[in-house]
Structure formats: structure tokens, C-alpha cells
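Here is the structure we will look at.
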Amino acid sequence: MPNKEEEYIPIYLFLGFLESGKTKFIQETLEDKRFNKGEKTLVLICEEGIEEFDISKMPKKNIVFHTIEDKADFTEENFTKILRESGAERVVVEFNGMWTMEDFFGAMPEETTLAQIMFFADATTFMNYNSNMRSLVVDKLNVTEMTVFNRFDDSFDPNEYHKLVRGVTRRSEIVYEYNDGRVAYDDIEDPLPFDTEGDEVTIEDKDFALWYRDIMDDPDKYDGKIMHFKAIVAKDKKFPENTFAIGRHIMTCCVEDIQYCWLVAQNDKGFGAENKEWVNISGKIKVQKHKMYRGKGPVLFVQDMSKADQPEQPVATFY
């Protein structure tokens, strides 16, 4: 297992549904001399589309293609075997849109790290995918750094596409590629419904989901600030001493995807609270390493806490 970050093999992950433009973009990327300088590259294809790769157009040919069509074969053991046999210095993955990100993360070899994640969508079919398979759309948008809507037309309203992405993530850059070759970067302002400029920030019940997503996307924005909000306490004997989780159940798109979303609360002042109890809580955020995150994250150092009634809408949403 690598012990230095630079020893990890980078993975460039391309997400999207069938005929979303993934293959075309990967082809163009490998044709780019700035990207393809001759490094040994494994291209792992997880679905067969209409387009095929043309290695003759690539400036360097030090590329190995491998296809995994059956999800049962997409395992850490198999992925690791393919990677090591290829001798690749980096990996490009064209991921199957019908598989989940849990499938991908569960199969990542130990010696790899994610270098970039992009999500591609055909603007002419995206709304149908979103209506019929919202959970799979959300699954991809949750992790992507850039969302590209290709085959975009002047008759389409960028605001509608913007809202669907921002309903899941504020982190992803949004790009519109028009049929006539124009490329436009989304610059629609998306202000938060609460003020984050002051030293203290109060989160209303209706805004919890938006705030939770924002603090997890950009925790440094809240470092050192005093937060006031209502949430549910979650305790476990496995947690470190004087530590519990504080959060709420959030629904991203449908009842099936409701999950408890939390951050670490450090209760050094001994405030009492039962497991699954609603509380009004105040505390200072410090972004630091913590065992419960297995890395860095926002830790709430509790300054005040009292029992509370659950809000009218106990499950938080983005709408």
C-alpha cells in the first residue's frame, strides 16, 4: 500500500448515462498533447456505446483498453488485477451510468486516488433521466466536480438545468456545450438563504439541508464561526468520549434516499441529551482531523444545548 500521496495512481472518472458524450470527451482528451504525453494509461470501459475509441488519432499510443460490461466483474480484486497487469501510471474510467458510486468506490484499488470526476449529460434527454431515475442522477451529481450538458440548444433554459444540479450540489461547475460549438460556463448566482458573513450564523429549520451541503462542500467558510440550529442527537458506544453526532434526516430526491446527515459534536461541557433526541444547539465550528471523519471535517464544539420539539417538517429537503 502506498505511503506517499504521489505514489498513488490517479483515476480520471467520467460519469454519465448511455450516449451522454463520455466516449467523445475521453477521445478528445487522449488526443490532446497536453494530457497525453506518453504516460502508460489504462482506459477502463464499463459500458459499450455507439462510439468507439480511435487510437490512431492519439499523439501517443501507450494506452491499454479494457472492458468490464458485467457489474458482477467490477470488483476491487478484478480492478486491481487489470491495473497491475496493464502497468499503467494512470487510469481513465468510462463508468456505467446504471451503476452506483458505491459500486465504484467499493472497487477502487488501494493504490489509486481520484484525480478528477466529471459528469456528462445529453441535454435533450437529461430531463427524462432526471424524472425517471432521479436517484441515479443524484448519485452522480453528489460527487462530480464538473457537470457538462452537451447538445444544448438555445430553446433550452439554463436555469432549469442549473436548479437540478444545485438541488444536489453547490460544488460542481456547470458547463453548457451548444450544438453550434459554443461553450458557456454557468454564472447564475445562487445565494444562500442565510448570512454567513458574521461571526455567528443561525440556521432556520427550512434551510438545514442547504446549510449541511454547504458546510460539507466548503467547511473552511465556517471555521471559527458560532452556529445555532435545531437537530437530532445520535450516540454510539463506539464514539470517542464526550462525542456524538448531530444532524438531521435529509431527502435529496425521494423517500428511498432519506438518510441521517451529521457532523461531529464535541461535548466537553457535559450537556445531557438522549440518543435520537431533538435539541437546540449552539457551538463553535473548528475544521480539524477527527476519527469519526477518518480525516478532516467540521467539528462543532458545543457551547449550549437544550431539548427541543421536532420541526413541522422533520425531514429536511432542498426545496
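The values are calculated or read from the model by the stated rules, or taken from the named source; none is laboratory data. Bear in mind the structure is a predicted one, so any value in this text is a computation, not a measurement. Cβ atoms come from the backbone with ideal geometry, glycine included; neighbour counts cover every protein chain shown. We work out accessible area using only protein heavy atoms, side chains counted, and drop any ligands, DNA or RNA first. Shrake-Rupley method; radii C 1.70, N 1.55, O 1.52, S 1.80 Å.
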Seminar exercise, completed: When region 113-140 is checked residue by residue, the ones that are in contact with a helix residue (DSSP H, G or I) (Cβ under 7 Å, 6 or more places away or on another chain), β-branched (V, I, T) and surrounded by fewer than 18 Cβ atoms within 10 Å (Cβ to Cβ) are none
Exercise. Could you list, in sequence order, the residues of region 33-62 that are open to solvent by less than 40 Å² (accessible area, probe 1.4 Å), touching a Lys or Arg at 6+ places or on another chain (Cβ under 9 Å) and among the hydrophobic types (A, V, I, L, M, F, W, C)?
Worked result: L42, C46
Exercise. Among all residue pairs at least 6 apart or on different chains, which show Cβ distances below 6 Å where the first residue, located in region 129-152, is in contact (Cβ under 8 Å) with a residue 40 or more places away in the chain and under 23 Å from A184 (Cα atoms) and the second is of a type in the set (K, R) and open to solvent by 40 Å² or more (accessible area, probe 1.4 Å)?
Worked result: none
For this session: Consider only pairs whose beta carbons are under 8 Å apart and that are at least six residues apart or on different chains; among these, list those whose first residue lies in region 58-85 and is without any contact (Cβ under 8 Å) to a residue 60 or more places away in the chain and farther than 19 Å from E47 by Cα and whose second residue is loosely packed, with under 12 Cβ neighbours inside 10 Å and not hydrophobic (A, V, I, L, M, F, W, C).
Result: P59/K33; K60/K37
For this session: Considering each of V138, V175, V143 in turn, give the residue that is within 28 Å of V43 (Cα to Cα) and modelled with pLDDT of 95 or more.
Result: V175
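Report, by residue number, each residue of region 274-306 that is over 14 Å from F229 (Cβ atoms) and either open to solvent by less than 70 Å² (accessible area, probe 1.4 Å) or hydroxyl-bearing (S, T, Y) (or both).
Listed by number, the residues that qualify are E277, V287, Q288, H290, M292, Y293, G295, G297, V299, F301.
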Problem set entry | All positions within region 41-76 that are in a loop (DSSP other than H, G, I, E, B) and small (G, A, S) | G49
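Just to check your reading of the model, which residue among V165, V201, V233 is under 17 Å from the mean Cα position of the chain (by Cα), buried (at least 20 other Cβ atoms within 10 Å of the Cβ) and either within 23 Å of Q288 (Cβ to Cβ) or without any contact (Cβ under 8 Å) to a residue 60 or more places away in the chain (or both)?
Exactly one residue qualifies, and that residue is V165.
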Problem set entry | Near pairs, Cβ below 8 angstrom, 6+ apart or cross-chain, from region 286-306 (within 16 Å of D218 (Cβ to Cβ) and at pLDDT 95 or above) to any residue that is of a type in the set (S, T, Y) and open to solvent by less than 50 Å² (accessible area, probe 1.4 Å) | V287/Y222; P298/Y222
